[in-house]
1. Quick check: anything in the stretch A:70-82 exposed (fewer than 11 other Cβ atoms within 10 Å of the Cβ), away from every other protein chain (no Cβ under 11 Å) and either under 28 Å from B:R119 (Cα atoms) or modelled with pLDDT under 85 (or both)?
2. In the stretch B:1-41, which residues are in a loop (DSSP other than H, G, I, E, B) and out of contact with any strand residue (DSSP E or B) (no Cβ under 6 Å at 6 or more places or on another chain)?
3. Restricting to the stretch A:21-55, and then to whatever is within 9 Å of chain B (Cβ to nearest Cβ) and without any contact (Cβ under 8 Å) to a residue 12 or more places away in the chain, can you tell me which residue is nearest to A:L73 (Cα to Cα)?
4. Which residues, counting only those in the stretch A:30-81, are of a type in the set (S, T, Y) and under 17 Å from B:L147 (Cβ atoms)?
5. It is to be established whether one or more residues within the stretch B:149-161 are more than 20 Å from A:K32 (Cα to Cα), within 10 Å of chain A (Cβ to nearest Cβ) and assigned to a helix (DSSP H, G or I).
6. Across the stretch B:124-140, what is the number of residues that are touching a residue at least 40 places away in the same chain (Cβ under 8 Å), over 16 Å from A:I41 (Cβ atoms) and not aliphatic (A, V, I, L, M)?
Amino acid sequence: MITPFHIGLFAASLCILVTFFSFLKERDDLHKLILTDLAAIMALFIIALVGTDLAEALILPGLVVGISKLMALAEIYLVKEGIQQKKNSTVLDIEVLDTAPAILAAILVIYGIVLSGFSGGAVAGLGIIFYLAFKKHDEKFELIETVSGYAWVTWIAAFFIFLIFPSQWFLAVMLAGGGILLKVMAKFSLIGTMRGDPGV
Amino acid sequence: MIQVFDLNVEGRELFSLSFGDIVPYFSVYTGALAAFVIIFILIAIFSLPERQVNIAFGGDAYYAKEVNVPDMRFSRFMAIACGAATLGAMVTGDIFNFTLFAVMVGITNIGIVAASGNRHVLNAAFQYGIVAMLATVPLFGGAALILATTGSLSIWVLAGAGVVPLLAKALLVLGVMGEGIAPLYIGKAEIIRAQGAPYVLMIHFSSLLLFLRVIEIVLVI
């Protein structure tokens with residue numbers, strides 16, 4: 001009996017044949033590197049064909065080892081061909097961290113403001129850690145200190161409103177939420193400045 | 001029902017730990033393999049790297065190559081990681097975990113020689129890496145076929161039942177051949193020109209042990 005599994009297996013085998021045949025033809029090392037990714041995806045395809053919960057759980061580790069191997073090979077290729085642009089100064093000095101932080105930090109900060117309160121501050125602070133840790137420019141510590149001070153004042157003012165004008169509880173909640181958002185964010189963002197530079 | 005330890009390959013039971021259907025076990029065979037891996041991890045941790053000596057052809061002259069300490073440190077770390085991955089492959093009772101550990105051995109093997117500045121070594125490592133990457137297809141394919149035909153990946157459950165198709169076993173062995181590069185000695189001979197003798201040794205050692213384990217698995221399931 002022909003089941004969908006058999007049809008899928010046949011299709012996957014065909015793809016694998018095409019991949020291996022292309023390896024026979026290909027001479028350029030970079031193209032070979034890209035073709036290996038095709039082969040790795042085919043391996044995951046065969047696992048996915050089984051279609052049970054267990055198979056689903058196997059996809060992620062399979063994908064992770066495939067990607068890590070591809071990254072290792074790409075790094076070897078760069079060294080082998082001598083096309084490394086610069087000597088890596090730190091462990092985390094990789095290309096994506098030059099471009100991604102601004103976007104990711106913006107998303108995290110906006111999401112943190114939407115969440116507000118302690119967890120919002122943690123999320124937004126994480127965004128700022130990420131930005132400061134990977135963007136190399138001078139930190140404005142005065143700004144962080146000032147914001148942190150105002151946040152503390154807002155928080156205390158909110159508590160006074162709670163005690164003295166209990167009817168205005170909503171305003172107090174908003175003030176306290178905003179204050180602790182800024183406070184946690186400022187504290188968190190300091191972690192991002194710890195790059196081990198002298199004097200920081 | 002036939003147990004793992006009733007089979008001739010395994011020998012006496014030393015230890016078994018029941019995690020549901022996945023059972024990590026030590027028979028005399030796998031226990032001995034694991035002990036060997038631990039000894040070699042200790043060798044990689046405590047031994048100092050060699051100083052390679054080149055002899056000028058046709059004369060008495062020879063010169064020692066310089067050993068770069070940070071590079072050697074990286075090689076040592078990768079050799080220890082390779083030993084850890086091999087140990088995982090020896091201990092695990094799950095076929096898919098075995099394939100994952102085999103792929104990790106392949107990655108760390110590249111890592112051991114990656115710090116070498118020698119262009120020939122890097123070229124061989126790159127070509128080997130491509131073979132190892134392709135080998136994930138038969139490895140994962142074999143594991144997926146076993147899962148599809150029997151519904152289980154546990155060596156303990158499948159032991160002695162004889163339900164695993166021959167094709168799946170063949171694919172597993174083929175995949176380990178690709179990861180362990182034992183048959184591809186041409187590429188390997190170039191790779192071991194990388195300096196740092198005790199760490200490069202781990203490449204041979206891990207591939208040998210992966211073979212011993214996959215033969216055990218194929219005979220048992």
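1. Looking only at the stretch A:70-82, we keep the residues that are exposed (fewer than 11 other Cβ atoms within 10 Å of the Cβ), and these are A:82.
Going one step further and asking which of them are away from every other protein chain (no Cβ under 11 Å), we end up with none.
No, the stretch A:70-82 contains no residue that is exposed (fewer than 11 other Cβ atoms within 10 Å of the Cβ), away from every other protein chain (no Cβ under 11 Å) and either under 28 Å from B:R119 (Cα atoms) or modelled with pLDDT under 85 (or both).
2. First, pick out the residues of the stretch B:1-41 that are in a loop (DSSP other than H, G, I, E, B): B:1-3, B:7-12, B:17-18, B:20-21, B:23-24.
Listed by number, the residues that qualify are B:M1, B:I2, B:Q3, B:L7, B:N8, B:V9, B:R12, B:L17, B:S18, B:G20, B:P24.
3. The residue in question is A:K32.
4. The first filter runs over the stretch A:30-81 and keeps only residues of a type in the set (S, T, Y), leaving A:36, A:52, A:68, A:77.
Within the stretch A:30-81, just A:T52 meets the criteria.
5. Step one: filter the stretch B:149-161 for residues more than 20 Å from A:K32 (Cα to Cα), giving B:149-161.
Remaining after also requiring within 10 Å of chain A (Cβ to nearest Cβ): B:149, B:151-153.
Pick out the ones that are also assigned to a helix (DSSP H, G or I) and you get B:149.
Scanning the stretch B:149-161 turns up at least one residue that is more than 20 Å from A:K32 (Cα to Cα), within 10 Å of chain A (Cβ to nearest Cβ) and assigned to a helix (DSSP H, G or I).
6. Selection size over the stretch B:124-140: 2.
The values are calculated or read from the model by the stated rules, or taken from the named source; none is laboratory data. Because the structure is predicted, anything quoted here is derived from the model rather than measured. Cβ coordinates were reconstructed from backbone atoms using ideal geometry, including for glycine residues, and neighbour counts include every protein chain displayed.
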